[in-house]
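As structure tokens, the structure follows; a few thoughts come after it.
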Amino acid sequence: MRMQTAFAAALGLLAIALLPAATAEAKPTKPAGLPPTAVLAWNAIAVNAVRSAVITTDGPPRPVLQAEGRVYTAYVQAAVYDAVTKIEGRYAPYHDFSADPDGASPEAAVAAAARTTLDHYLPDQAAAVDAQYAAYLASLPAGGKTAGIAVGEAAANDIIALRANDGRNAPTATYGDPTLPVVAGVWQVVPPATTAATPWLAFMRPFMLERASQFRSAPPPGLGSKSYADELNETKAYGAKDSALRTPEQTATAYFWNANGINQGNQAFRDVASQHGLDLVDTARLLAMGELVEADASIACFDSKYHYLFWRPYTAIRHADLDGNPATEAEPSWLPLLNTPNHPEYPGAHGCITGALPEVVARALHTRRIDATIWGATNGGTTLTASRHFETVKDLDRELVNARVWVGFHYRHSTIAGIKLGRAVVHWTLQRYFRPVHGQDEDEPDDD
């Protein structure tokens, strides 16, 4: 009981449902619709590990950044999903592997898959993860535990082998040097950052897409166009730190979507699973769908970003005298509401990644009326401290586009382009992955 209590306290997010103790290794009876507790718990553990990790393989020690965070959670959720479907069936695996599922405990498989993957990719978190793993295993009955561990470890090792040399943290050219003269339309790193964030993500091998450039966005509006001037002036007016036009509600919306995306997306998927009563298999599928789609949306988005290298409003507004457009006017001291992310502007990454989130939920629930609660931030922070409810995909997309203008990070067209890219990634990948087995068809989501 002491170990069970320690595990629950360490997790801090989910109460682990304890199964009756058993004294002998025996094939467990698996009821239909196993509770999703193990999948939810180990996703929360994975997110905490990713948020706490220090990366040292691509330069000075640094935390895991938001866009790359989906890569690490995708590794974990792919392994968990493959372990669960190896035992329970129902859906085709992401990547098949050899293991004997006979008598295996799905809960032990989930824990072993997550722990093995996390220890491999985030070794600095291994001590904390291993302690939670030991406490979790102690909370499970003996029946099927050993077989479940074997399946989970095999699933994780298969994903690790599959993703070897996939481009994570690989060296790239130098981008956005802020010491060079400003060139009209060309992105530079914006203070307080001094270097570009994870440019390797633009060249990484996707999880499901055929190539990173598969859904590359069309070019942004030309600097001399009316649409460019209109959108720059909108962001200039509404996204300024000292904007006189942005209302308190608009400011709160901008702050809401400044939440850490790794936490925000995973929390949303866990909440949807709980709210809609998904069982262990469907919860593993939702989280794998969500994290792998968001990882590929991140990769595809950064491909477009580092292809176009389009300047941020911070630079464009301060140097509007360089753009050749008579409808724009430079404001050399302009500042956005919050500090600008240190990667190119177009398309908007929040549009690509968070825009994919409701599309995944719509596919999992077979309706675009997603009825989902999303957690976000307040007062310029990144911690999940407030929630908003969204009935439909359109409701969420509309608010997200506005938020990125009101925070001063993007032009309206950029987040819309990001949402279109994310949606294309969702539709293409989910027609090919995570499909029901035995030839079962799956309905497309209905309209809003």
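Odds and ends about this structure:
- Antiparallel DSSP beta bridges within the chain, as percent of all bridges there, nearest 5: 90
- A simple rule links phi to the HN-Hα coupling: the Karplus curve 6.51 cos²θ - 1.76 cosθ + 1.60 with θ = phi - 60°, which for region 62-68 gives 8, x, 5, 7, 4, 5, 7 Hz, with x for Gly and Pro.
- Net charge of Cβ neighbours under 13 Å - reference Phe256; Lys, Arg +1; Asp, Glu -1: 0
- Which of Thr382, Asn402, Val425, positive extreme of dipole for region 358-426 (C-beta unit charges): Val425
- Whether region 229-323 is rounded, prolate or oblate, judged on the alpha carbon gyration tensor where a/c under 1.5 counts as rounded: oblate
- With every protein chain in place, region 147-266: carbon and sulfur % of accessible area (1.4 Å): 57
- Among the trypsin sites (Lys or Arg not before Pro) in region 227-270, those placed in a DSSP loop whose Cβ has at most 15 other Cβ atoms within 10 Å are Lys241.
- The GNM of the chain, with springs linking C-alpha atoms under 10 angstrom apart, assigns the highest mean-square fluctuation among Gln267, Gln77, Gln214 to Gln214.
- Under 5 Å, built H, 5+ apart or other chain: amide partners of Val186: Trp311
- Using the Cβ of Ile416 as centre and a radius below 14 Å, the other residues enclosed give a net charge of 0, where K and R count +1 and D and E count -1.
- Aspartates and glutamates with Cα under 15 Å of Lys394, excluding same-chain neighbours fewer than 8 positions away: Glu359, Asp371, Asp446, Asp447, Asp448
- Straight-distance candidates among the aspartates and glutamates for linking to Lys236, with alpha-carbon spacing under 19 Å and chain neighbours fewer than 8 residues away dropped: Glu249, Asp321, Asp323, Glu329, Glu331, Glu345, Glu399.
- Here the Karplus relation 6.51 cos²θ - 1.76 cosθ + 1.60, evaluated at θ = phi - 60°, turns the backbone of region 227-244 into coupling constants of 5, 4, 5, 4, 6, 4, 5, 5, 5, 4, 7, 8, x, 5, 4, 10, 4, 8 Hz, with x for every Gly and Pro.
- Farthest towards the positive end of the charge dipole of region 38-183, among the residues Val64, Leu140, Gly103, is the Cα of Val64, using unit charges on the Cβ of Lys, Arg, Asp and Glu.
- Under the convention that each Lys and Arg Cβ holds +1 and each Asp and Glu Cβ holds -1, the size of the dipole of region 291-408 around its Cα centre is about 220 debye.
- The distance separating the Cα centre of region 246-261 from that of region 205-229 comes to 26 Å.
- On Cα atoms only, tilt of 126-139 relative to the major axis of the chain in degrees: 40
- Dipole axis of region 175-252 (+1 Lys, Arg; -1 Asp, Glu on Cβ), positive-most option in Leu245, Val189, Leu232: Val189
- Relative contact order [Cα under 8 Å, 6+ residues apart], the chain, whole percent: 19
- This model, with +1 at the C-beta of Lys and Arg and -1 at the C-beta of Asp and Glu, gives region 92-231 a dipole about its Cα centre of some 420 debye.
- Per residue, the chain reaches -16000 deg cm²/dmol at 222 nm when only DSSP H runs of four or more residues are counted, each adding -39500 (n - 2.57).
- Near Leu245: Cβ cut-off under 13 Å, other residues only, Lys/Arg at +1 and Asp/Glu at -1. The net charge is 0.
- For region 89-206, the solvent-accessible area works out to 40 Å² per residue, with a probe of 1.4 Å and every protein chain left in place.
- Solvent-accessible area per residue, Å², over region 321-360 with all protein chains present [probe radius 1.4 Å]: 34
The values are calculated or read from the model by the stated rules, or taken from the named source; none is laboratory data. Remember, it's a predicted structure, so these values are computed and weren't measured experimentally. Heads up, the Cβs are rebuilt from the backbone with ideal geometry, glycines too, and the neighbour counts pull from every protein chain shown. Areas reflect the complete protein model, heavy atoms only, side chains present, ligands, DNA and RNA absent. Shrake-Rupley method; radii C 1.70, N 1.55, O 1.52, S 1.80 Å.
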